[in-house]
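Shown next, in structure tokens, is the structure this report addresses.
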Amino acid sequence: MYADYWYKYPDKKKTRYYTSSARDEVESISILADTALHYINPSKNIRQTVDILEGKEISKQDLANANPIDNLDSFLNANDVVKISNDEGIYLIKATPKEESPHYDKVYLYIDSSHSLLQETELYKDNNLKQIIKISSYEGFEDGIYVASETKKIPVLEDDNGDTSLDFITTVTYSDIEINTGIPDSEFDPEQQ
């Protein structure tokens, strides 16, 4: 799959999917702005918007806490945190939610202190490792900014004997990465797509 991805801190994301590597025809666009998820398919003339929290017993804060990579400040405010540093410049942050979470009951974050980069996240549920999200490679920019160029999402399953096995691994590769702090809000307006 080929796509362009925009992210504007703290809660705006847009992904434009293409039908081929030539990127000459847009297959679909998804935009997440606040709690509204917009889906646009130009070829089928489909435009749908869903409030992802409507009718759910989940708050916007819960949503932010479900993915600590996207909103680390909210994550740190909502969890009891113990920070530990090892000898290789990797900070290990162990955290447990202050209030019960449907997504995890413990999380470990491994942060590369020399690049200020979240290298790996381990999510636990019922004290069992549930999922690993890790950076396979990253790219450096001016001003000491580093961003992921490839990530892997690895679901971890346990059988009755306590052995672990891997389900499928999702690999996301980013190319032509640019750092732009001036992304206009119009990029996340579904009416302007």
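The values are calculated or read from the model by the stated rules, or taken from the named source; none is laboratory data. This one's a predicted model, so the numbers in the text were calculated from it and none came from an experiment. Virtual Cβ from ideal backbone geometry, glycine too; neighbours counted across all protein chains shown. Surface areas here come from the heavy atoms of the whole protein model, side chains and all, with no ligands, DNA or RNA. Shrake-Rupley method; radii C 1.70, N 1.55, O 1.52, S 1.80 Å.
For beta carbons closer than 8 Å, sequence separation of 6+ or different chains, a first residue in segment 97-119 that is touching a residue at least 40 places away in the same chain (Cβ under 8 Å) and a second that is open to solvent by 60 Å² or more (accessible area, probe 1.4 Å) and in a loop (DSSP other than H, G, I, E, B), the qualifying pairs are Leu118/Ile69.
Candidates in segment 91-111 are the residues that are among the basic types (Lys, Arg) and in a strand (DSSP E or B); of these, the one that is nearest to Asn128 (Cα to Cα) is Lys106. If you go through segment 38-66 and pick out every residue that is surrounded by 16 or more Cβ atoms within 10 Å (Cβ to Cβ) and modelled with pLDDT of 70 or more, you end up with 2. Within segment 14-33, the set of residues being outside any strand (DSSP E or B) and open to solvent by less than 50 Å² (accessible area, probe 1.4 Å) comprises Ser20 only. Based on this model, can you work out whether Ser114 counts as hydroxyl-bearing (Ser, Thr, Tyr), more than 28 Å from Phe168 (Cβ to Cβ) and outside any strand (DSSP E or B)? Against the criterion (hydroxyl-bearing (Ser, Thr, Tyr), more than 28 Å from Phe168 (Cβ to Cβ) and outside any strand (DSSP E or B)), Ser114 qualifies. Within segment 76-121, how many residues are charged (D, E, K, R), closer than 21 Å to Ser137 by Cβ, touching a strand residue (DSSP E or B) at 6+ places or on another chain (Cβ under 7 Å) and open to solvent by 80 Å² or more (accessible area, probe 1.4 Å)? Residues that pass the stated criteria total 0.
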